[in-house]
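Asks: Could you have a look at this structure, given as C-alpha cells, before my questions?
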Amino acid sequence: MKKLTVLSLVAPFLFSCGGGSGSGIYGGFDTVLVGITSITPSKVNSDTVIWVGDTGVCGVAFQDDAINIKIKSETIKNASGQPITPNPSPVYFDSYRVIWSSAVSNNACEGAPECKQIFATPFAQLTGITVPPDTEVSLQGLTVALASWKSSVLSQYCVSSLDNCIYNAVLELHGREVLTGREKTVRASFNIQFADYDQGNACGASPCTADSTTCRKP
C-alpha cells in the first residue's frame with residue numbers, strides 16, 4: 001500500500017514509513033533497507049464465537065485470526081544515489097512476534113486475570129520467507145490470535161463490542177541478511193478488537209440466528 005523513496009546514507013537507518021495505517025519501521029541491514037509496507041487488515045475484527053447450525057441443531061465454532069503483510073527491500077544508496085554495494089543481500093525472516101497493549105482503559109479482558117494473562121506476553125511464532133533486494137514480497141495468513149484463546153477464555157469476557165476488548169499490536173519480524181549475517185527486527189502496528197460479531201446468518205431457517213457463517217450438514 002505504501003511506497004519507499006530513494007534514501008541516501010545521510011538518512012537514518014531506522015525511519016518511519018508515513019502515509020497510512022499498517023506502515024512500519026524500516027531496518028537498516030548492511031546492504032539493504034527492509035520494512036513492512038502494509039498490513040491487511042489494519043484493524044482486525046476478531047470474532048470470539050462463530051455460531052454454526054443446521055435444522056434443529058445449533059453450535060459454536062472458533063477460528064484463528066490472521067493478517068496479510070507486504071515486505072519491501074531496497075538497496076542502500078550513498079549520497080550520490082548509487083548502491084553502496086554491487087551485491088546486495090536477500091533477507092531471510094525466520095520468526096515473528098506480536099506485542100500487545102490495551103487500547104482503552106475500560107477493556108473487560110484486562111479486568112479478568114485469566115484473560116489479561118493471554119496478552120501479558122508476546123505471541124511468538126516461526127515463519128520462513130526470503131525477500132530479495134529491491135523487491136516487495138507478500139506474506140499471506142500470518143496468524144496473530146488463536147482459536148484456543150477464544151474457546152477457553154475470550155468468549156467469556158469479550159461478548160460484544162461494548163466490552164471494549166481492543167488492543168494495539170506491534171508486529172516484529174526477525175530477519176537476517178543472507179550474505180552478511182546481519183540481524184535486524186522490523187516492525188509495524190495494527191489494531192484488533194475481540195467480540196462476538198454478527199456476521200449474518202448463512203443457515204436460512206436455522207435456529208442459529210446470531211452470526212452463522214458455516215452451516216453444518218445433516
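The values are calculated or read from the model by the stated rules, or taken from the named source; none is laboratory data. Note that the structure is a prediction, hence the values are computed from the model and not measured. Glycine gets a Cβ as well: all are built from the backbone with ideal geometry, and neighbour counts include every protein chain shown.
Asks: Please name all residue pairs, on different chains or six or more residues apart, with Cβ atoms under 7 Å, provided the first residue is in the range 161-177 and is farther than 23 Å from N68 by Cβ and the second residue is surrounded by fewer than 18 Cβ atoms within 10 Å (Cβ to Cβ) and not small (G, A, S).
Replies: These pairs meet every condition: N164/V104; N164/N106; E177/D30.
Asks: Being assigned to a loop (DSSP other than H, G, I, E, B) and touching a residue at least 60 places away in the same chain (Cβ under 8 Å) is the filter; apply it to the range 89-106 and report the residue that is nearest to T135 (Cα to Cα). Explain how you work it out, then say what you get.
Replies: From the range 89-106, those assigned to a loop (DSSP other than H, G, I, E, B) are 89-90, 103-106; that's our starting set.
Those still in the list that are touching a residue at least 60 places away in the same chain (Cβ under 8 Å) too: 89-90, 103-104.
On the way: S89: 12, P90: 10, A103: 34, V104: 37 Å.
Among those residues, the one meeting the criterion is P90.
Asks: OK, next. Output the residue which, of all residues in the range 84-122 that are closer than 21 Å to K72 by Cβ and over 19 Å from the mean Cα position of the chain (by Cα), is surrounded by the most Cβ atoms within 10 Å (Cβ to Cβ).
Replies: Here is the first cut: in the range 84-122, the residues closer than 21 Å to K72 by Cβ are 84-98.
Add one more test, that the residue is over 19 Å from the mean Cα position of the chain (by Cα), and what stays is 84-91.
Numbers: I84: 14, T85: 14, P86: 7, N87: 10, P88: 22, S89: 21, P90: 18, V91: 30.
The qualifying residue surrounded by the most Cβ atoms within 10 Å (Cβ to Cβ) is V91.
Asks: Same structure again: Residue check: is S38 touching a residue at least 24 places away in the same chain (Cβ under 8 Å), within 19 Å of F190 (Cα to Cα) and crowded, with 16+ Cβ neighbours inside 10 Å?
Replies: On the way: touching a residue at least 24 places away in the same chain (Cβ under 8 Å): yes; within 19 Å of F190 (Cα to Cα): yes; crowded, with 16+ Cβ neighbours inside 10 Å: yes.
In short, yes.
Asks: OK, next. Kindly list, by first and then second residue, each pair from a residue in the range 128-147 that is free of Cβ contacts under 8 Å to residues at least 60 places away in the same chain to a residue that is aromatic (F, W, Y), limited to pairs with Cβ atoms under 9 Å and residues at least 6 apart or on different chains.
Replies: G128/Y92; G128/F93; I129/Y92; I129/F93; T130/Y92; T130/F93
Asks: Identify all residues within the range 61-83 that are of a type in the set (S, T, N, Q) and either on the phi > 0 side of the Ramachandran plot or surrounded by fewer than 18 Cβ atoms within 10 Å (Cβ to Cβ) (or both); write none if there are none.
Replies: Our first condition is that a residue be of a type in the set (S, T, N, Q); within the range 61-83, this holds for 63, 68, 73, 75, 78, 80, 82.
Once the filter is applied, which keeps residues that are of a type in the set (S, T, N, Q) and either on the phi > 0 side of the Ramachandran plot or surrounded by fewer than 18 Cβ atoms within 10 Å (Cβ to Cβ) (or both), the range 61-83 yields Q63, N68, N78, S80, Q82.
Asks: Still on this structure: For the range 53-73, what are the residues that are at pLDDT 95 or above and either in a loop (DSSP other than H, G, I, E, B) or of a type outside the set (A, V, I, L, M, F, W, C) (or both)?
Replies: Filtering the range 53-73 for residues at pLDDT 95 or above gives 64-73.
Matches in the range 53-73: D64, D65, N68, K70, K72, S73.
Asks: Additional query: So is E114 in contact (Cβ under 8 Å) with a residue 12 or more places away in the chain and not aromatic (F, W, Y) or not? Break it down into steps so the answer makes sense when it comes.
Replies: Numbers: in contact (Cβ under 8 Å) with a residue 12 or more places away in the chain: yes; not aromatic (F, W, Y): yes.
Considered against the rule, which asks whether it is in contact (Cβ under 8 Å) with a residue 12 or more places away in the chain and not aromatic (F, W, Y), E114 comes out as yes.
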